[in-house]
Amino acid sequence: MNKNIKLAVAGAVLALSATAANAGIVIPAGDWTLDVNGNVNAFANMTKFSGSATEVVGGINGQRQTNEDRTQGINTGLLPSWLGFTGKTRQNDLDVEFTISMQPNVSDQSGAVHGDSKTPLNRQAYLSFGDKSWGSIKLGKDIGIFASDAILNDMTLLGVGAGAANSGGATTLGGIGTGYIYAGWKGQVAYTTPNMNGFQATIGIVNPNQIAGGDEAQSVGRLQYQDRFGLEGKASYSFAANDVTGKVWVSGASYDVTFNEARNSYRASVVDVGANVNVAGFGLTGYYYDGKGAGTTLFGAQGSTSTGAKRDSDGGYVQATYILPTKTKIGLAYGISSLDRVGSEDAILVKDNERYTLGAYHPITKHLNLVAEYNDVEAKSHSGVENKARSGSLGAILFF
């Protein structure tokens, strides 16, 4: 199975060990070994809105409408449906690999009435080479380095999380914007160290034009002429002792953001820390981030005012899971993402996006999991305006 699909399964701490161990469809091809892998998932979501009919700027919920407070949709969850192709070979004392993937939509992102928008995502296209003695180098498009462990350890990765009400989106949000900033899928050149008794680190340069703008989003020429590459890095330590397994990680990112033709700019920076521990069927995850100019939900979104004054942001999530004797995994999570305003600027700007999730994830085969979730999500502005959404979701996810 593709490395990132494996991480998505194992890191979410939800799939059974048998599911996490599954390879995809492995095909020997001369000097190469090809792996066709992926997942298909879909969820029926039912959402009820409450709170104000005024929209919170930067909030992740839609607001209650005057004559309607409910919506339904059939969506892909947080993890998009996936078809990946990975090739591996060993040549000239190097492990060489490529991955190309596509993510077809269950949701119709364009809103076309016939559900045929023909707009699949393409989140991976990279090559890598290296050796276990000195590490590896990756070039191409893959999940961002900063905050990748936050999403890969989120239990809603195999479900829905926040954003169930956004029935036109390609995927739901999970804990994005309610506990962590989205890692995204970014062009990058990255070096990863060899695994040294559980310790491993990655550092890379990233396409500087792949961040969201702040309030300057409408400025002409924004993000077109950056002064340097983005920098992202992370370090982690994985451990196992008897029945206890776990991982501790830190990561960070820094971008110099030039956002209009007047060359106004600011530096966006953010750091995080997280840990996951599992013992005797119990799992516990904790995560925290702190940023300046990094914004909320998407990296850089609402990160500054129109003049380039940086907004501070922070947030995190806690998550507890337990595997029942029936092999059903149940989980409870709380997450929050907060954004400060600068001085007395717009009071309708989001102050907090907050989420509670209760989920159950049951394997009916080693490949197929049934999922049920309840999500209570609230966006609150600095002036006290609230947009609330309570969602119930039922669906399934199949890995191959």
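The table that follows gives values for the structure above.
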read-out: Matching residues in the stretch 282-321 - criterion: being polar (S, T, N, Q) and either crowded, with 19+ Cβ neighbours inside 10 Å or touching a Ser or Thr at 6+ places or on another chain (Cβ under 7 Å) (or both); value: Thr285, Thr296, Thr297, Gln302, Ser304, Thr305, Ser313, Gln319, Thr321
read-out: Pick from the stretch 342-367, criterion in contact with a Phe, Trp or Tyr (Cβ under 8 Å, 6 or more places away or on another chain) and surrounded by fewer than 21 Cβ atoms within 10 Å (Cβ to Cβ), ranking: nearest to Gly24 (Cα to Cα); value: His367
read-out: Breaking point among (1) modelled with pLDDT of 90 or more; (2) touching a Ser or Thr at 6+ places or on another chain (Cβ under 7 Å), for Val36; value: (2)
read-out: Near pairs, Cβ below 6 angstrom, 6+ apart or cross-chain, from the stretch 238-256 (without any contact (Cβ under 8 Å) to a residue 40 or more places away in the chain) to any residue that is among the aliphatic types (A, V, I, L, M); value: Asp243/Val279; Asp243/Ala280; Val244/Val279; Gly246/Val277; Val248/Ala275; Val250/Ala235; Val250/Val273; Ser254/Leu231
read-out: Odd one out for Asn387, checked against (1) closer than 18 Å to Leu157 by Cα; (2) crowded, with 22+ Cβ neighbours inside 10 Å; value: (1)
read-out: Residue match in the stretch 176-193 (condition: within 30 Å of Gly359 (Cβ to Cβ), modelled with pLDDT of 95 or more and surrounded by fewer than 18 Cβ atoms within 10 Å (Cβ to Cβ)); value: no
read-out: Spans of strands (runs of 3 or more DSSP E) in the stretch 32-113 with at least 2 residues farther than 29 Å from His367 by Cα and touching a strand residue (DSSP E or B) at 6+ places or on another chain (Cβ under 6 Å); value: 32-51, 70-75
read-out: So Gln224, is it surrounded by fewer than 18 Cβ atoms within 10 Å (Cβ to Cβ), assigned to a loop (DSSP other than H, G, I, E, B), of a type outside the set (A, V, I, L, M) and at pLDDT below 80; value: yes
read-out: Check on Asp346, at pLDDT 95 or above, among the acidic types (Asp, Glu) and more than 19 Å from the chain's Cα centre (by Cα); value: no
read-out: Residues of the stretch 268-284 that turn out to be of a type in the set (S, T, N, Q) and farther than 19 Å from Ile145 by Cβ, as a count; value: 1
read-out: Filter result for the condition that a residue is in contact with a Gly (Cβ under 8 Å, 6 or more places away or on another chain), at pLDDT 95 or above and not acidic (Asp, Glu), over Gly198, Gly213, Gly140; value: Gly140
read-out: Out of Gly187, Gly198, sole residue that is in contact with a strand residue (DSSP E or B) (Cβ under 9 Å, 6 or more places away or on another chain) and within 24 Å of Val318 (Cβ to Cβ); value: Gly198
read-out: Segments classed as strands (runs of 3 or more DSSP E), wholly inside the stretch 282-400, with at least 2 members that are acidic (Asp, Glu); value: 312-323, 350-363, 368-381
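The values are calculated or read from the model by the stated rules, or taken from the named source; none is laboratory data. Since this is a predicted model, take the numbers as computed values, not measurements. When we count neighbours, we look across all protein chains shown, and the Cβ atoms used for this are built from the backbone with ideal geometry, even at glycine.
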